1. Considering only residues that are in a loop (DSSP other than H, G, I, E, B) and surrounded by fewer than 16 Cβ atoms within 10 Å (Cβ to Cβ), look in region 52-76 and name the one that is farthest from the chain's Cα centre (by Cα).
2. Being on the phi > 0 side of the Ramachandran plot and either modelled with pLDDT under 95 or aromatic (Phe, Trp, Tyr) (or both): is that true of GLY102 here?
3. Restricting the search to region 101-112, which residues are without any contact (Cβ under 8 Å) to a residue 60 or more places away in the chain and not basic (Lys, Arg)?
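The values are calculated or read from the model by the stated rules, or taken from the named source; none is laboratory data. For clarity, every value in this text was computed on a predicted model and none was experimentally measured. Positions of Cβ are generated from backbone atoms using ideal geometry, with glycine treated the same way; all protein chains shown enter the neighbour counts.
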Amino acid sequence: MNNGIRTAGLMALLMVVFVLIGNALGGQSGMIIALGFALLMNFGSYWFSDRIVLRMYKATEVSRGDAPELYDMVDRLRQVAGLPMPRVYVIPSDQPNAFATGRNPEHAAVAVTNGIVRTLDRDQLEGVIAHELAHVKNRDILTSSIAAAIATGITVVARFGFFFGGNRDRGGALGSILLLILAPIAAMLIQMAISRTREFSADRVGAEICGKPAALAGALEQLENTARRIPMQSSSPGTAHMFIVNPFSGQMANIARLFSTHPPTSERIERLMAMERSR
């Protein structure tokens, strides 16, 4: 499906979900308020979702003077990919991870954690950067960023309904509890619908950009293992799908794994190693 059509469908889904939640919590007046909130959120998520996510992770933009090796690595790889230079950000987290965001290649950003710079060797880090640039090249980043904003918004509205009550004639407290439980699951399902196959494509295109499928495979293995041991502080479940590996790998209960936003890392590694063998 075309990413533009998918994004429009996602924004329409946001409006439907919010109207249903508004109806459950406040009847017709709740629906009107929820519709207005959904329209505002659609506007904000299109234009500002990248800034929202970067601010959520306390990411700091860096220049060539601040981080010359990282900046030059992104610059060289984006030239190979035929992309404009994205903004480069560093996230103050010990967990090694990375994501790309923005509404199009001309307004893109690549963010990496302090942990990933310390953990991976140069070839592996190039593989990760190339993977994120592949998301930019594939124009996945707008859909991904909007999904993050939608998932976070649904969760916030559900929690608002839980703490501030609902329409008592409609089962108020019980409905609010159900919304608190079901809304995050709905958000996860939205993420699954747009994320899992995209990772395989970004792995393939990223390996072509950096020319080192095995290095990207090695990076994925290290990142997956480390994410299980080092939690991502200040992270939000609504943004998990944006990262190269799930930042909640070590924090998910078995039932939560059913709603994983990423395909199995072992399968991603297997595909990359098959690319390596065919070179």
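1. GLY65
2. Taking the combined requirement at face value, the residue satisfies it.
3. Within region 101-112, GLY102, ASN104, PRO105, GLU106, HIS107, ALA108, ALA109, VAL110, ALA111, VAL112 qualify.
Listed here are the residues, each with its yes/no results for (1) small (Gly, Ala, Ser); (2) within 20 Å of HIS241 (Cα to Cα).
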{"residue": "MET56", "(1), (2)": "no, yes"}
{"residue": "VAL62", "(1), (2)": "no, no"}
{"residue": "ALA67", "(1), (2)": "yes, no"}
{"residue": "LEU70", "(1), (2)": "no, no"}
{"residue": "ASP75", "(1), (2)": "no, no"}
{"residue": "VAL80", "(1), (2)": "no, no"}
{"residue": "MET85", "(1), (2)": "no, no"}
{"residue": "ASP94", "(1), (2)": "no, yes"}
